[in-house]
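The values are calculated or read from the model by the stated rules, or taken from the named source; none is laboratory data. Owing to the predicted nature of the structure, the values given are computational and were not obtained by experimental measurement. Quick reminder, even Gly has a Cβ in these numbers, built from the backbone with ideal geometry, and neighbours come from all protein chains shown. Quick note on the areas: whole protein, heavy atoms, side chains included, nothing else; ligands and nucleic acids left out. Shrake-Rupley method; radii C 1.70, N 1.55, O 1.52, S 1.80 Å.
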Amino acid sequence: MPNVQAIWRGVDRHLVSLGAAILVLALVLCVVAPGFASVTTLYDMALALLPLLILALGLMFVLLVAAIDLSITATVAMTSVIAASLITRNGGYLSGELGIVIAFVSFILVGALIGLANGAMAAYVRMPSFMATLGTYLLLGGAAVWYTSLHTSSSSIAGLPGAFSVVGRGSVGPFPIALLIAAAVTVLAWLLVNRTAFGRWLAAVGSGQEAARVAGVPVQFTILGAFVICGVCAGVASIILTARIETGSPVLASNMLLDVVGAAVIGGVSLYGGVGKIGGVILGVLLLTMLDVGLRLMGMSLFAVLTVKGLVIVLAAAIDGLRNRMARR
């Protein structure tokens, strides 16, 4: 006969609590939010949360090493306009299928380079990640607008080929392409965190850099790698978002930073480093997306929605702070 107490001790109570909260929220929204339970709403909500999931997973890697990347949404915008300038039908640098392939590579490469710059400042220059990535956020925000102005007289770079745009809403059989991309990123993230030495290094560095260094963990390399992965995830999310609107926009994802940080924190990724699970991030993204969609269906204004989401995120951060204090005792 199984030992119930032993099984309960092995259960992640945060994930269980979060799953229960999502279930209760879903039941409440089905009653009070008109149309929430419709197939169309659920399908649109599922598609909407995919870029947020990819971004939150990327940020999780940085949070695991007790750092933060405030430039992640600006990276989305910068990669969007650079890739769009390559393949736009309105005077793009490249054309044809090869041009589209190169554009896809540019999303990843530019994101990785931005992550590399952020990681170098945090790991080798020893700048506080908050300040380093805040500076990068401002720099990229201005650079994206300037770069766009060099390639078009409008506020964004339009005229993207249909073969690229299909990534946003196209499907392979019954599965949306965006879902397949997000699933691949999730699986790779899980493998990195749970099945590699790098994943163990992330937790060790986040728990204490000096102790990790004494234990032989390459601290600077680990921090650098976390930021590069975050940048790559920003580039992947940018592919989906850019393809959906069929435009390279210098303000793409500019309103998502609160949701990205909030989803990770709600999912149990500690702001103090060393703690975080892929399953928790998935549930955090789901809860925040459900809350956003449900409140909008109830007719709440954008400001009211932001207020409620802000309160939920502050509560999650407070719980994380209490949990961290208890763990240190």
### Query
What number goes with the only condition from (1) modelled with pLDDT of 95 or more; (2) over 22 Å from residue 256 (Cα atoms); (3) touching a Gly at 6+ places or on another chain (Cβ under 7 Å) that residue 120 does not pass?
(3)
### Query
Mind checking whether some residue in region 190-206 is of a type in the set (Lys, Arg) and either in contact with a helix residue (DSSP H, G or I) (Cβ under 6 Å, 6 or more places away or on another chain) or assigned to a helix (DSSP H, G or I) (or both)?
yes
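Using the structure shown, decide if residue 300 is of a type outside the set (Phe, Trp, Tyr), without any contact (Cβ under 8 Å) to a residue 12 or more places away in the chain and under 19 Å from residue 13 (Cβ atoms). If you could, list the steps in order and put the result at the bottom.
On the way: of a type outside the set (Phe, Trp, Tyr): yes; without any contact (Cβ under 8 Å) to a residue 12 or more places away in the chain: yes; under 19 Å from residue 13 (Cβ atoms): no.
For residue 300, the condition - of a type outside the set (Phe, Trp, Tyr), without any contact (Cβ under 8 Å) to a residue 12 or more places away in the chain and under 19 Å from residue 13 (Cβ atoms) - is not met.
Of all residues being free of Cβ contacts under 8 Å to residues at least 24 places away in the same chain and surrounded by 15 or more Cβ atoms within 10 Å (Cβ to Cβ) in region 110-134, which is nearest to residue 244 (Cα to Cα)? Just the residue, please. Steps first, answer last, please.
Start the filter on region 110-134 by keeping residues that are free of Cβ contacts under 8 Å to residues at least 24 places away in the same chain, which leaves 117, 121, 125-128, 131-132.
In the following step, the residues that additionally are surrounded by 15 or more Cβ atoms within 10 Å (Cβ to Cβ) were identified as 117, 121, 127, 132.
Working: 117: 28, 121: 33, 127: 36, 132: 31 Å.
Only one residue fits best here, namely 117.
Condition (residue is assigned to a helix (DSSP H, G or I) and touching a Leu at 6+ places or on another chain (Cβ under 9 Å)) applied to region 90-98: is it met by at least one residue? Break it down stepwise before answering.
Taking region 90-98 as the starting set, the residues that turn out to be assigned to a helix (DSSP H, G or I) are 96-98.
The next check asks that each one be touching a Leu at 6+ places or on another chain (Cβ under 9 Å); those that pass are none.
No - not one qualifying residue is present in region 90-98.
Condition check ((1) in contact (Cβ under 8 Å) with a residue 60 or more places away in the chain; (2) open to solvent by less than 40 Å² (accessible area, probe 1.4 Å); (3) under 20 Å from residue 78 (Cα atoms)) across all residues:
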site	(1), (2), (3)
144	yes, yes, yes
149	no, no, yes
157	yes, yes, yes
163	yes, no, no
166	yes, no, no
171	no, no, no
174	no, no, no
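Quick check on residue 46: is it in contact (Cβ under 8 Å) with a residue 60 or more places away in the chain, within 24 Å of residue 280 (Cα to Cα), open to solvent by 30 Å² or more (accessible area, probe 1.4 Å) and of a type in the set (A, V, I, L, M, F, W, C)? Walk me through it before giving the result.
Values: in contact (Cβ under 8 Å) with a residue 60 or more places away in the chain: yes; within 24 Å of residue 280 (Cα to Cα): yes; open to solvent by 30 Å² or more (accessible area, probe 1.4 Å): yes; of a type in the set (A, V, I, L, M, F, W, C): yes.
Yes; evaluated as a whole, the condition is true for this residue.
Could we say that residue 192 is open to solvent by 20 Å² or more (accessible area, probe 1.4 Å) and hydrophobic (A, V, I, L, M, F, W, C) here? Talk me through it step by step, then tell me what you get.
Values: open to solvent by 20 Å² or more (accessible area, probe 1.4 Å): yes; hydrophobic (A, V, I, L, M, F, W, C): yes.
Yes: the conditions hold for residue 192.
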### Query
Taking residue 234 and the conditions (1) within 28 Å of residue 190 (Cβ to Cβ); (2) of a type in the set (A, V, I, L, M, F, W, C); (3) open to solvent by 70 Å² or more (accessible area, probe 1.4 Å); (4) at pLDDT 90 or above, which numbered condition does it fall short on, given that it satisfies the others?
(3)
### Message
Return the residues of region 33-43 that are free of Cβ contacts under 8 Å to residues at least 24 places away in the same chain and open to solvent by 50 Å² or more (accessible area, probe 1.4 Å); say none if nothing qualifies.
### Response
37, 39, 40, 42, 43
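Taking the stated definitions as given, is residue 80 of a type in the set (S, T, N, Q) and crowded, with 24+ Cβ neighbours inside 10 Å?
Details: of a type in the set (S, T, N, Q): yes; crowded, with 24+ Cβ neighbours inside 10 Å: yes.
Against the criterion (of a type in the set (S, T, N, Q) and crowded, with 24+ Cβ neighbours inside 10 Å), residue 80 qualifies.
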## Note on the structure
Checked region 14-66 for anything outside any helix (DSSP H, G or I) and more than 23 Å from the chain's Cα centre (by Cα); matches are 33, 34, 35, 36, 37, 38
### Task
Starting from region 305-321, keep only residues that are of a type in the set (D, E, K, R), then list their pairs with residues that are crowded, with 17+ Cβ neighbours inside 10 Å and assigned to a helix (DSSP H, G or I) whose Cβ atoms are within a distance under 7 Å, requiring at least 6 positions of separation or different chains.
309/262; 309/288; 309/291; 309/292; 320/265
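Each row is one residue, and each column tells you yes or no for (1) more than 28 Å from residue 126 (Cα to Cα); (2) among the basic types (Lys, Arg); (3) in contact with a strand residue (DSSP E or B) (Cβ under 8 Å, 6 or more places away or on another chain); (4) surrounded by 15 or more Cβ atoms within 10 Å (Cβ to Cβ).
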{"position": "31", "(1), (2), (3), (4)": "yes, no, no, no"}
{"position": "51", "(1), (2), (3), (4)": "yes, no, no, yes"}
{"position": "54", "(1), (2), (3), (4)": "no, no, no, yes"}
{"position": "65", "(1), (2), (3), (4)": "no, no, no, yes"}
{"position": "71", "(1), (2), (3), (4)": "no, no, no, yes"}
{"position": "84", "(1), (2), (3), (4)": "yes, no, yes, yes"}
{"position": "94", "(1), (2), (3), (4)": "yes, no, no, yes"}
{"position": "108", "(1), (2), (3), (4)": "no, no, no, yes"}
### Query
Considering only residues of region 207-231 that are assigned to a loop (DSSP other than H, G, I, E, B) and of a type in the set (A, V, I, L, M), which is most open to solvent (accessible area, probe 1.4 Å)?
215
